[in-house]
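This report concerns only the one structure given below.
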Amino acid sequence: MRTRLDRRYGLLTVAYLLTIYWLSSLPDLGTQESPPLVRLVMNLGHIPLFAGLAFCVLKSLSPAPMAAWARYGLAFLACGACGGLDEWHQSFVPGRDCSMGDFLLDLAGIAVMLVLLRLHELRSEVRHETTVGGWFPTVWPSRIAPTARKK
């Protein structure tokens, strides 16, 4: 079985990874002397940054003929590995350091995005099942009305 990738999202993912690499290559921007609130905001930036990466990676894998759990698991592992490598890379940049807290924020952003995308996907599937024949539901899937089928 050959895994197919969406080339457009694949290129976007590569560009996104290069941007993350560039950002993590910047030397310390003086955040060590900054007020705690500024440091907190800078650290919380990891969440949307890696949530965006998770979006790109999952969309790259979307045309792949594999189960949903495999796509989401592969996306989580790939993005988590990128987050780990990013933190390791920062340990070589002057003024930057490798932080477990930053890595956990990376994982949180990845997980939140993947959960939101999966919920959206499930909601779209249920909506499609219930409105196949028009506005009136023609099929009552057990996920929507499990008690409607009992007599």
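Since every read-out is calculated from the coordinates, none of them should be taken as a lab result. Fair warning: this is a prediction, and the values are worked out from it, not measured in the lab. Neighbour counts are summed over all protein chains in view; Cβ atoms, including those assigned to glycine, are modelled from backbone coordinates with ideal geometry.
What to note about this one:
- Between GLU125 and MET66, the modelled labels are 1.7 nm apart [label points 7 Å from Cα along Cα→Cβ].
- Footprinting exposure proxy ranking of SER91, SER34, SER24, fewest other C-beta atoms within 10 angstrom first, gives SER91, SER34, SER24.
- Taking label points 7 Å from Cα along the Cα-to-Cβ direction, GLU33 and ALA81 give a separation of 4.1 nm.
- According to the calculation over all Cα-Cα pairs in segment 7-124, the P(r) per 5 Å bin from zero is 2, 12, 20, 23, 18, 11, 8, 4, 2, 0 %.
- ASP106, ASP6 arranged by Cβ crowding within 10 Å, fewest neighbours leading: ASP6, ASP106
- Evaluated at q = 0.20 Å⁻¹, the base-10 log of the normalised Debye intensity for segment 58-115, with identical point scatterers placed on the Cα atoms, takes the values -0.73.
- Charge dipole (Cα centre; +1 on Lys/Arg Cβ, -1 on Asp/Glu Cβ; no other charges) of segment 7-124 amounts to roughly 640 debye.
- Sorted fewest first by neighbouring Cβ atoms within 10 angstrom, GLU87, GLU121 come out as GLU121, GLU87.
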